[in-house]
Amino acid sequence: LKEIAEAFAKDLSSLPEEDPQVLAILNSYSHISLSMGKEFIPILEFLFPYLAKYIQADIGLVVEDADVHEYIPEDEKDEAEKAKIGSIVVSLGTNTKKLSLHTFALQNKISSFTILNDICLNMGTNFFPFTEKFLFFAKELLKFPYSRKLRKTAIKSVYSCMNACNTDEERNKILQFVQNEILGVFKYNVTCSYYREIKTYLKTFVDFTSLIHDKKIFTEGFIMELYNILNSIVKNVKEKAEQILSITEANGDCYDENDEDDQKADIERLNEINRRVMELSGNIFKVIGDDLTPVIKSSLFDFFLQ
């Protein structure tokens with residue numbers, strides 16, 4: 001495996017970004033890291049700058065007049081322009097605009113960060129020396145507007161890094177490093193009713209809180225802000241469920257079995273969010289214990305009773 005990894009490293013250093021072998025090689029490292037464990041550390045030290053380059057690459061999003069290239073002969077366009085393969089033409093009143101981006105850059109950005117997250121999970125505690133660098137990228141990608149998969153992997157990376165820790169003290173440093181960003185984005189998702197994003201955040205919070213045993217990791221400010229968000233989620237979900245039911249009642253005669261199945265599916269997705277809220281609260285209560293009782297009573301007690 002070491003010989004294979006070194007051979008791939010030699011190829012990687014000579015391949016252009018657009019070569020399809022690049023992603024194949026990077027993906028292979030994800031699998032190799034699982035088998036090599038601690039022995040993969042020197043290879044990751046070589047690999048990290050490559051992944052970082054792709055993760056930090058500018059995807060070159062440009063909005064321009066759609067007809068601008070009709071007057072530029074093909075042989076006069078530079079290589080950067082040719083790399084803008086993905087484009088959409090949009091009419092805005094009397095103006096027609098063209099949205100272009102470097103598709104290879106976006107693809108490599110998504111794949112490289114996902115691969116790095118996989119390597120983190122595969123190496124476990126052996127990855128810990130790289131966690132701060134990894135989370136530096138994650139914090140930047142939590143709000144990345146052009147890929148839900150990247151945003152999803154960015155929040156999941158918090159659990160991956162927690163999993164790479166040996167002690168609660170190390171987990172405390174990680175939480176302190178990212179807590180303001182993850183709470184801020186979490187709150188924004190709730191305000192905008194982005195239910196898929198909310199489910200992802202709740203699942204990640206459930207996962208990483210299950211790794212924590214020392215209540216000193218959670219500051220009072222973190223707990224209070226988190227429970228304010230959970231309160232908003234419960235209120236938001238309740239209002240959405242009532243809205244779905246009211247629409248059904250108003251249009252009952254027009255609904256068939258398929259519509260009823262869709263309604264049940266929508267309600268079940270909302271109930272899943274509530275279940276995750278309760279599971280997360282249970283994990284935190286398990287760590288903090290009776291000190292959390294006043295917060296439970298003042299925030300989610302009525303919800304739990306229901």
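The values are calculated or read from the model by the stated rules, or taken from the named source; none is laboratory data. The model shown is predicted, which means the values in this text are computed figures rather than measured ones. Because the Cβ atoms are built from the backbone with ideal geometry, glycine has one as well, and the counts that use them run over all protein chains shown. SASA here: full protein model, heavy atoms, side chains in, ligands and nucleic acids out. Shrake-Rupley method; radii C 1.70, N 1.55, O 1.52, S 1.80 Å.
When each of TYR146, TYR159 is tested for being at pLDDT below 95 and aromatic (Phe, Trp, Tyr), the lone residue that passes is TYR146.
Residues in region 207-224 that are open to solvent by 40 Å² or more (accessible area, probe 1.4 Å) and among the hydrophobic types (A, V, I, L, M, F, W, C): MET224 alone. Any idea which of (1) at pLDDT 95 or above; (2) open to solvent by 10 Å² or more (accessible area, probe 1.4 Å); (3) farther than 17 Å from ASN231 by Cβ is the one TYR188 doesn't satisfy? Result: TYR188 fails condition (3) only. Taking residues in region 1-30 that are touching a residue at least 12 places away in the same chain (Cβ under 8 Å), and partners anywhere that are of a type in the set (Asp, Glu) and open to solvent by 80 Å² or more (accessible area, probe 1.4 Å), the pairs with Cβ atoms closer than 9 Å and at least 6 places apart or on different chains are LEU1/GLU39; LYS2/GLU39. Scan region 272-305 for residues that are open to solvent by 40 Å² or more (accessible area, probe 1.4 Å) and touching a residue at least 12 places away in the same chain (Cβ under 8 Å) and report the count. Of the residues in region 272-305, 6 are open to solvent by 40 Å² or more (accessible area, probe 1.4 Å) and touching a residue at least 12 places away in the same chain (Cβ under 8 Å).
Criterion applied to GLU170, GLU132, GLU197 was being open to solvent by 10 Å² or more (accessible area, probe 1.4 Å), under 11 Å from the mean Cα position of the chain (by Cα) and among the acidic types (Asp, Glu), and the one residue passing it is GLU197.
Filtering GLU70, GLU140, GLU132 for residues that are modelled with pLDDT under 75 and assigned to a helix (DSSP H, G or I) leaves a single hit, GLU70.
Within region 45-59, residues that are touching a residue at least 12 places away in the same chain (Cβ under 8 Å) sit with their Cβ atoms under 7 Å from residues that are of a type in the set (Phe, Trp, Tyr), at 6+ positions apart or across chains, in these pairs: LEU47/TYR29; PHE48/PHE130; ILE55/PHE113; ILE55/PHE137; ILE59/TYR146.
The residue that is modelled with the highest pLDDT, among those in region 90-124 that are exposed (fewer than 15 other Cβ atoms within 10 Å of the Cβ) and among the polar types (S, T, N, Q), is THR96.
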